[in-house]
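First up is the structure itself, then whatever we jot down about it.
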Amino acid sequence: MWLFAFFATIGILANTINVTQAKFDYNCNLTAKGSPKFPDSFSFGVSTAAYQIEGAWNEDGKGESIWDDFTHKFPEKMDDRSNGDIAADSYHRFDQDLAALKELKVTHYRFSIAWPRIYPTGDISSKNQKGIDYYNMVINKLIANGIEPLVTIFHYDLPLEIQKIGGFANPLIINMFVTYAIELFENFGDRVKIWNTFNEPFDYCKPGYADANYPPQVNAHGVADYLCMDHSLKAHAAAYRTYKTKYYEKQRGKVGITVSSRFFFSHTNDQEAISRGMQFNLGFLIHPIFSKTGGYPPAMVETINRNSLKEGRVSSRLPKLDGRWRELIKGSSDYLGLNYYTSRYIKRASKPNGENPSWERDYDSDAYPDETWVRGKPDWLYCVPEGLEGILKYIRDHYGNPEVIITENGWSDDGDPEDDDRIHFIKAHMQAVLNAVNDGCNVTGYTVWSLLDNFEWQKGYTHKFGLYALNITSPSRERTPRKSAKYYRRVIETRTLPSIS
Ligand SMILES: *[C@@H]1O[C@H](CO)[C@@H](O)[C@H](O)[C@H]1NC(C)=O
Ligand SMILES: *[C@@H]1O[C@H](CO)[C@@H](O)[C@H](O)[C@H]1NC(C)=O
């Protein structure tokens, strides 16, 4: 789940814009264009991540992750001082998750594997069979129920021992990640056919390495965040190439990566500002993989090099992506995973943003919401379904129409069981996907974040994203379907978007 928000910009604008968190009335919809039916092969799912639901943080040999360490050492950093020690207790209660998945009739389930359950220290020498057994159980039960597993290999919970040697700032992460990925291909690749290497690299690199919002709180903005992105891209490509050469022939699966991005609009039709927004957000991760040329987006390369020289450096803070790595990364994805939540208007900055140096300073843009957009519980989440249609068409037109799976899309509120706002959000965004499909975009699946309420990083358990409510105070952690769960099931049954009753 995407958390990092453009606090500075939004903070200023929030004072001038009348931000309503009221029920939709209902400025959160999209006009249908073309066929009302999703293609027969289209897949419908829900998503979760290991640290956010599993609990059992120190059981059956699991090692500590940077999120275990962070939540234990700095409880004040979470709005409700909570952590993922127990969470939804899915490690012991997967059958309750499975019952919900069956009730929804989803065709796929996206979940992540906790690296420190497989390799407690992050290293192969610490291999933990009990962790492998747990995911075998999960995968087998999904398949027995006709639900395709879509497995995220890394979703933020880095083994703490790897952080001690620098984590994503150390190029050793590349080989350590590939060794871990091979372990998963070897153990689960006979049954898992859709692999997702990394969830949202910018969204752990930026708050973790540029700022001090996420572990490991490196706070080396404009330097370590770029290094983290560079190593994540290389680790992804190395794992992808390994799968293709050693496993593809036997296992016949797909390997991709997930980006999160907003789409950008301009009140003055400033195409250059829009392009800059797309390059610094969507493009940072996907230009190196999906563009014809490879490498980082031109606007980033040019700006960061110029700023770096001005700062008196001998080379750019953005690592050079050329030669062998550029070629290995280019084309290293069978599909693009897209997490989409919201969008912004954009214009070039009127004064320098952020600290010097930083991504904000390099970006040199102001992004802001439209005053007519409906807002959810988080200060960054506005309902903008036309942004999803826009970004899908942008990907089609700029990156060669790759296969896209929407790996996350969802709405957060206070937990109302009659969650009409969430239903409107989901319906409008699925309409955006359907419009894009009808217009030739190669989108093959849609995934709601999230199956159930869970540990929402620094928001703890105060923001609810679930189709199912989780009773966090109950020892048996009941999962109860909200109205939206019933609506999503009707969507899946009919492969259409029924009107809301
Ligand atoms: C969509 O992507 C898949 C996988 O890459 C490919 O087989 C298929 O031909 C593509 N479809 C279209 C309409 O481009
Ligand atoms: C959650 O569980 C507790 C303990 O079993 C119970 O007292 C409470 O009523 C439950 N809350 C809801 C909303 O069901």
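The values are calculated or read from the model by the stated rules, or taken from the named source; none is laboratory data. From a predicted model like this one, the values you see are computed outputs, not experimental measurements. Note: ideal-geometry Cβ built from the backbone for every residue, glycine included; neighbour counts use all protein chains shown. Side chains are part of the model used for accessible areas, which takes the heavy atoms of the whole protein and leaves out ligands, DNA and RNA. Shrake-Rupley method; radii C 1.70, N 1.55, O 1.52, S 1.80 Å.
Just a few scattered comments:
- In terms of accessible area, using a 1.4 Å probe and ignoring ligands and nucleic acids, Asp322, Asp419, Asp69 rank largest first as Asp322, Asp69, Asp419.
- Averaged over residues, the count of other Cβ atoms within 10 Å places the peptides 407-415, 70-78, 460-468 in the sequence 460-468, 407-415, 70-78, highest first.
- Taking a ≥ b ≥ c as the square roots of the eigenvalues of the alpha carbon gyration tensor, region 212-289 is oblate, as a/c is not under 1.5 and a/b does not beat b/c.
- Residue among Ala367, Leu321, Trp67 farthest towards the positive dipole end of region 5-494, charges placed on Cβ: Leu321
- Net charge dipole, the chain: roughly 1220 debye, given to the nearest 20, about the Cα centre with Cβ charges of +1 for Lys and Arg and -1 for Asp and Glu.
- Of the solvent-accessible surface of region 161-240, computed with a 1.4 Å probe over protein heavy atoms with every protein chain present, carbon and sulfur atoms account for 56 percent.
- Rounded, prolate or oblate (a/c below 1.5 giving rounded, otherwise prolate when a/b exceeds b/c) for region 5-494 by Cα gyration tensor: rounded
- Rounded to 5, percent antiparallel among DSSP beta bridges of region 335-423: 55 percent
- Each other residue within a Cβ distance under 10 Å of Thr342 adds +1 if Lys or Arg and -1 if Asp or Glu, for a net charge of +3.
- Comparing Ser291, Tyr487, Phe185 along the charge dipole axis of the chain, the residue lying farthest to the positive side is Ser291, per the Cβ-charge model.
- Tensor-based shape of region 166-269 (alpha-carbon gyration tensor, a/c under 1.5 rounded, otherwise prolate or oblate): oblate
- With DNA, RNA and ligands ignored, accessible area of Cys205 (1.4 Å probe; Å², nearest 10): 0 Å²
- Farthest positive-ward along the chain dipole, Cα basis, beta-carbon charges - from Leu497, Gln251, Phe265: Gln251
- Free-standing Cys residues across the chain, given no other cysteine C-beta under 4.7 angstrom: Cys441
- Computed packing ranks the peptides 447-457, 428-438 as 447-457, 428-438, most packed first, by mean other Cβ atoms within 10 Å.
- Within the assembled protein chains, the solvent-accessible surface assigned to Ser501 is about 110 Å², based on a 1.4 Å probe.
- Portion, in percent, of the accessible area of region 434-493 that falls on carbon or sulfur, probe 1.4 Å: 50 percent
- Once C-alpha pairs closer than 8 Å and six or more residues apart are averaged by separation and normalised to the residue number of region 5-494, the relative contact order reads 20 percent.
- Straight-line cross-link partners of Lys483 among the lysines, defined as a Cα under 24 Å from its Cα and at least 8 positions apart when in the same chain: Lys23, Lys37, Lys102, Lys105, Lys377, Lys427, Lys459, Lys464.
- Each part gets one Cα centre, and for region 115-172 versus region 214-235 those centres are 21 Å apart.
- Taking all protein chains into account, the per residue accessible area for the chain stands at 36 Å² (1.4 Å probe).
- Bridge type composition, the chain - antiparallel percent by DSSP, nearest 5: 20 percent
- Net +/- balance of residues flanking Phe465 in space, Cβ distance below 14 Å, scoring K and R +1, D and E -1: -1
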